[in-house]
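Scroll down for the structure; my scribbles are underneath it.
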Amino acid sequence: MKNEGIEGTERFLSPDKGRGLRALRDFAVGELVFACPAYSYVLTVNERGAHCEHCFTRREDLFKCGKCKQAYYCNVDCQRGDWPMHKLECVAMCTHGENWCPSETVRLVSRIIMKQRVTTERTPSERLLLLKEFESHLDKMDSEKDEMNQADIAALHYFYSKHISDLPDDQELTELFAQVNCNGFTIEDEELSHLGSAVFPDVALMNHSCSPNVIVTYKGTVAEVRAVQEINPGEEIFNSYIDLLYPTEDRKERLLDSYFFGCQCTECTTKSKDKAKMEIRKLSSPPEPEEIKSMVHYAKNVIEEFRKAKHYKTPSELLEMCELSLEKMGAIFADTNVYMLHMMYQAMGVCLYMQDWDGAMSYGEKIVYPYSVHYPPYSLNVASMYLKLGRLYLGLEKKTQGVKALKKALAIMEIAHGKDHHYVAEVKREIEEQK
Ligand SMILES: [Zn+2]
Ligand SMILES: [Zn+2]
Ligand SMILES: [Zn+2]
């Protein structure tokens, strides 16, 4: 393929940020800036059977691979198309049985290595940035990250060496894993459920801002980048790498830890939303600054503890953890405080898992409005919350509230996903069915 770039944009050197993407013309809110097919991708294990391994289509009539009985496809074409990648796992899954457990990153990296072997030219995913050009930030890795990296390399050898002849040496693999960790994407559905992992080199070219002017959504395994703010010629195009719910200090910490840079975007400089995000409960005697500080400390610990507990605690234990922390934080934090919202969101997730629809609904109702205040005007987090809530209402026969919430979701999705996206068509149909 000849390198023809991406129409209306150019790669450039951004002051202090290194390479980036810049607009050469106007982009209106909701306009598609570009689409990028995945260079490599992998469906997450939990979604097997619900989505096609090859094209990520969600449907109920998939058929399974006759050998491993673990991978599911739309039809023979999808199965054939996927075989060059699925063959890395098909026999191995049969041989190892329950003990087959490479991480999703390992699965993705094995596919990247295979793809690199069969591609000699620039791919359609690399019109402006080659995968080989990804930053690895190897010099900034701490021992914890280094250990994880080494464990991934060991797993790659263990699960894949039979099916990939002469794997690259350890130094090359260390670099590749570090590159994928800094530049990889997770693919999510319209409710932000995790579907898989992928690399989209051209999408990775965009620098980060906490007030991004584009949003990335997915159509199958293709990433689509749409403007969510008016973009003028000459302006840099910014994506967000992180969840924007949290206050400036937390965002900066996260960006430094995962992407190794200090954010200096307008939001990080003005901190205009921090006060509302850290709202304190109105009390007759306001808490001392020390009390607030120690509660923030508690909140961050509980968030981390909960993240770990998800792997081994039962749903009811998890729900109790949420309720206890909400009670404790609620003595000082307002219900709109982002740490309260974080735990309510987790509690809602557990309720949905337990099919406690009323519980999920009441958490959703508390979350959705503050979300729309804390997040930027067009946000997938806000859209997915309205969507979940709307679908809950309809399931509970609350027709008017349901339609109202779905319409709110739709208004954001028409901009972020585009009017012709199948998710948008689906939500429209759900609204239509209520008439
Ligand atoms: Zn398919
Ligand atoms: Zn198979
Ligand atoms: Zn920022």
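Taken together, the values in this text are just the output of simple stated rules run on the coordinates, not laboratory data. What you see is a predicted model; the values in this text were computed from it and never measured. Here the Cβ is made from the backbone with ideal geometry for all residues, glycine too, and neighbour counts use every protein chain on show.
Take the alpha-carbon centre of segment 384-419, take the same for segment 130-151, and report the distance between them in whole Å. Cα centroid to Cα centroid, the span is 40 Å. Beyond 31 Å in Cα-Cα separation lie the following of the pairs Lys132/Lys277; Lys275/Lys408; Lys17/Lys162; Lys115/Lys219; Lys308/Lys404; Lys366/Lys435: Lys132/Lys277; Lys17/Lys162; Lys308/Lys404. With contacts taken as Cα pairs under 8 Å at a separation of at least 6 residues, the chain carries a relative contact order of 17 percent.
Calculate, in whole percent, how much of the Cα-Cα pair population of the chain lies beyond 44 Å. Every Cα pair in the chain considered, those over 44 Å come to 12 percent. Return, ordered by residue number, the residues of segment 82-110 whose backbone nitrogen is under 20 Å from a label point located 7 Å along Cα→Cβ of Glu175. Under 20 Å, as judged by backbone N against the label point of Glu175, lie 106, 108-110 of segment 82-110.
Based on C-alpha pairs under 8 angstrom that are at least 6 apart in sequence, segment 244-290 has a relative contact order of 39 percent. Normalised by the number of residues in segment 248-432, the average gap of Cα pairs under 8 Å and 6 or more apart makes the relative contact order 14 percent. If you run the Gaussian network model on the chain, springs between alpha carbon atoms under 10 Å, then out of Pro102, Pro370, Pro286 the most flexible one is Pro286. Relative to the longest principal axis of the Cα atoms of the chain, the long axis of helix 315-329 makes an angle of roughly 50 degrees. Between the Cα long axis of helix 422-432 and the first principal axis of the chain there is an angle of about 40°, rounded to the nearest 10. Axis of helix 289-309 versus longest Cα principal axis of the chain: the two differ by about 40°, to the nearest ten degrees.
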